[in-house]
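Here it is, the structure, as structure tokens.
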Amino acid sequence: STKVPGGHKATPDETREQILEMITANPGINQKSIVDELGIGRTLVGYHLKTLIDEGYIEAHKQGRFTVYSRTRKRWFRLN
């Protein structure tokens with residue numbers, strides 16, 4: 001699991017928010033780059049990417065051998 005400031009484990013929503021922020025800052029980022037940056041497993045990142053696609057926050061596009069991700073216009077609302 002990922003760590004957030006303060007040292008606690010990230011919740012699924014916090015992890016998805018981190019992934020969304022990465023995709024927003026780096027349109028066309030691939031799954032490996034997200035895995036490397038967050039330091040969590042490929043399977044877990046894949047699960048969160050699929051969830052974000054299913055919820056309409058990101059889109060996946062094939063680019064050669066890779067799938068890359070970009071944001072949609074749908075807004076993310078933080079759950080506090």
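Please treat every number below as a calculation from the coordinates, not as lab data. Everything numeric in this text was worked out from a predicted model, so none of it was measured. Reconstructed Cβ throughout: ideal geometry from the backbone, glycine too, with neighbour counts over all protein chains shown.
Which residues, taken from segment 33-60, are more than 16 Å from ASP13 (Cα to Cα), without any contact (Cβ under 8 Å) to a residue 24 or more places away in the chain and not aliphatic (A, V, I, L, M)? Lay out the reasoning, then the answer.
To start, the set of residues in segment 33-60 that are more than 16 Å from ASP13 (Cα to Cα) comprises 33, 35-37, 39, 41-43, 59-60.
After this cut, where a residue has to be without any contact (Cβ under 8 Å) to a residue 24 or more places away in the chain as well, the list is 33, 35-37, 41-43, 59-60.
If the condition is that a residue be more than 16 Å from ASP13 (Cα to Cα), without any contact (Cβ under 8 Å) to a residue 24 or more places away in the chain and not aliphatic (A, V, I, L, M), then SER33, ASP36, GLU37, GLY41, ARG42, THR43, GLU59 are the ones that fit.
Please work out which residue is surrounded by the fewest Cβ atoms within 10 Å (Cβ to Cβ), limiting yourself to segment 29-80 and to residues that are of a type in the set (Lys, Arg) and assigned to a strand (DSSP E or B).
Our first condition is that a residue be of a type in the set (Lys, Arg); within segment 29-80, this holds for 32, 42, 50, 62, 65, 71, 73-75, 78.
Checking which are assigned to a strand (DSSP E or B) leaves us with 62, 71.
Numbers: LYS62: 8, ARG71: 17.
Here the residue is LYS62.
Got at least one residue in segment 13-25 being touching a strand residue (DSSP E or B) at 6+ places or on another chain (Cβ under 9 Å), over 17 Å from PHE77 (Cα atoms), surrounded by 12 or more Cβ atoms within 10 Å (Cβ to Cβ) and not hydroxyl-bearing (Ser, Thr, Tyr)? Spell out the reasoning first.
Initially, segment 13-25 is screened for residues touching a strand residue (DSSP E or B) at 6+ places or on another chain (Cβ under 9 Å), giving 19-20, 22-24.
Within this subset, residues satisfying the condition of being over 17 Å from PHE77 (Cα atoms) are none.
No, the conditions are met nowhere in segment 13-25.
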